[in-house]
Amino acid sequence: MKKIDDAVLSSMHDTQVAELIHAEEQRQRTGLELIPSENYVSREVLTAMGSVFTNKYSEGYVKKRYYGGQENTDKLEQLAIDRVKALFDADHANVQPLSGAQANEAAEHAWMEPGDTILGMDLSHGGHLTHGRPGTVLAKIFNFVRYGMKDVETGEIDYDQLRALAKEHKPKIILAGYSSYPRELDYDKFAAIAEEVGAVAWADIAHIAGLVAAKKLENPFHHGFHMVTSTTHKTLRGPRGGIILTKGVAGNPLRKPEKTIENLPTLVDRAVFPGIQGGPHMHVIAAKAVAFYEAARPEFAGYAQQVLDNAQALATALMKRGFKLITNGTDNHLVLVDVMTSFGIHGGEAEAVLDRIGLTLNKNVIPDDPLPPFQPSGIRLGTPAITTRGLKDEHMEQIAAWMLKGITARQDEKELIRLQKEIADFAEQFPLPSDS
């Protein structure tokens, strides 16, 4: 088995960093990554990330740069734009955001003024920090109103509440999106409510972008949405970064347009640069272009379907063993578990003991959680990364069994050591994609 970092480590004079790279590679190789927002990239994505595009400053946009020497960066960025537009059936794409958070921040600044209102999902019901969590910079700039689930047993969004809040507060944006919601949204209802109150319909698909690109989950653009943001890692299996997609054609980003729906693409471009960030990271855009190429290949659709199949199998296996799942299942790649109800422990304790045996997941709040965020009632896990390594439906039973054993044996150090060895032996049967 060839290890991706062998050549790097052998040539590095900085042995401290080299040792940490090696240690992280070993951690990834001998454990199972269950955090639903993480994945493994291909060797080609890693190669692009480490390319000489790292050296180039490219402030501005294609054919509208502030520095010279852009003949290759212009072609590269346009290639990434064309590929991602085709993936998501978008008219316009900005591939420069440095992360999903920056993409969301730019999306909000593109359409709203300080004090304007945005209607987004409550954090404890599955929303994201950039959807208006108190204490964030965005929450100090804009007025966030929150909707949630009508029934946590089914996961149904309270669309009546959503419509009532929209009519009362007249938001400039209605945001459909989440970071810990296991079901699919009814985009038609969101779009209809947005149209009724004159709001922009925006979907944050950071978690499910790969599943949407593979046509396994619904595309918000096919349901009347104006704007979509996403990360490029997670299920899309690219480098860490963000994208903003819109309908419509952009004008000159160097000229400030009126705030109309027709001008939304240009407003987005101006919000990214010079609005919230300077020069784009061209080596990351190179890696994004590779990821978009990979996501368009036929085998990626098979991967996305297996992610969903594995998530369904994992949810079933966990419920069979007494794990209480929020919404009692999943429609996507992630599962949210109430471990306080299930086992009388908080999510931080569950995260720590499972990490100890090589099952990496994260503590997470559950709807209307009575516990604080650092010791919440739940844990969040998912199947994108383990599916990339080749795990199938039949392996989900074993993962659920290990989770139960780890939690019940959390005070038994000898048993935890045994479980860690067992999981490591299992995990090393499935190579990292960068090994090939």
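Which pairs, out of 234/405; 63/85; 140/259; 172/234; 150/234; 215/320, put more than 24 Å between their alpha-carbon atoms?
On the way: 234/405 28 Å; 63/85 19 Å; 140/259 22 Å; 172/234 28 Å; 150/234 27 Å; 215/320 30 Å.
In this structure, 234/405; 172/234; 150/234; 215/320 lie more than 24 Å apart at Cα.
Please give the contour-minus-distance gain from residue 186 to residue 160: 0.36 nm per residue of separation, less the Cα-Cα distance, rounded to one decimal in nm.
Details: separation 26, 0.36 × 26 = 9.36 nm, distance 1.27 nm.
Going from the current span to full extension adds 8.1 nm.
Taking the dipole about the Cα centre of region 188-278, with the C-beta of Lys and Arg at +1 and of Asp and Glu at -1, give me whichever of 250, 213, 223 is farthest to the positive side.
213
Counting just the Cα atoms, what span does region 49-295 cover along each of its three principal axes? Round to the nearest Å and put the largest first.
54, 36, 32
Among 403, 149, 319, rank each residue by its count of other Cβ atoms within 10 Å, from fewest to most, as a rough exposure measure.
Details: 403 26, 149 23, 319 17.
Lowest count first: 319, 149, 403.
Of the peptides 264-273, 288-297, 107-116, 135-144, how do they stack up when ordered by the mean number of other Cβ atoms within 10 Å, highest first? Could you put the intermediate results ahead of the total?
Numbers: 264-273: 25.0, 288-297: 21.9, 107-116: 18.7, 135-144: 14.9.
So the order, starting with the most tightly packed, is 264-273, 288-297, 107-116, 135-144.
When Rg is the radius of gyration of the Cα atoms in region 301-435 and Rh is its Kirkwood radius, what does Rg/Rh come to?
Values: Rg = 14.5 Å, Rh = 15.1 Å.
My calculation puts Rg/Rh at 0.96.
With each run of n ≥ 4 DSSP H residues scored as -39500 (n - 2.57), what mean residue ellipticity at 222 nm is computed for the chain after dividing by its residue count and rounding to the nearest 500 deg cm²/dmol?
-12500 deg cm²/dmol
Could you tell me whether region 148-298 comes out rounded, prolate or oblate from its Cα gyration tensor? Rule is a ≥ b ≥ c as square roots of the eigenvalues, rounded for a/c under 1.5, then prolate if a/b exceeds b/c, otherwise oblate.
On the way: a/c = 2.17, a/b = 1.20, b/c = 1.81.
Oblate, because a/c is 1.5 or more while a/b does not exceed b/c.
Does region 1-125 come out rounded, prolate or oblate, given a ≥ b ≥ c as the square roots of the eigenvalues of its C-alpha gyration tensor, rounded meaning a/c under 1.5 and, failing that, prolate meaning a/b above b/c?
Values: a/c = 2.19, a/b = 1.34, b/c = 1.63.
Oblate, because a/c is 1.5 or more while a/b does not exceed b/c.
How big is the charge dipole of region 49-295 about its Cα centre, in debye rounded to the nearest 20, if each Lys and Arg gets +1 on its Cβ and each Asp and Glu gets -1 on its Cβ?
On the way: 28 positive and 29 negative charges, 164 e Å.
That gives region 49-295 a dipole magnitude of about 780 debye.
Indicate, rounded to the nearest 5 percent, the antiparallel portion of the DSSP beta bridges found entirely in the chain. Before the final figure, lay out each step's value.
Values: 22 of 39 bridges.
If I count the DSSP bridges inside the chain, around 55 percent turn out antiparallel.
Rule-based calculations on the coordinates, nothing more; no lab input. Note that the coordinates shown come from a computational prediction; the quantities given were computed from them, not determined experimentally. Every residue, glycine as well, gets a Cβ built from its backbone with ideal geometry; the counts of neighbours run over all protein chains shown.
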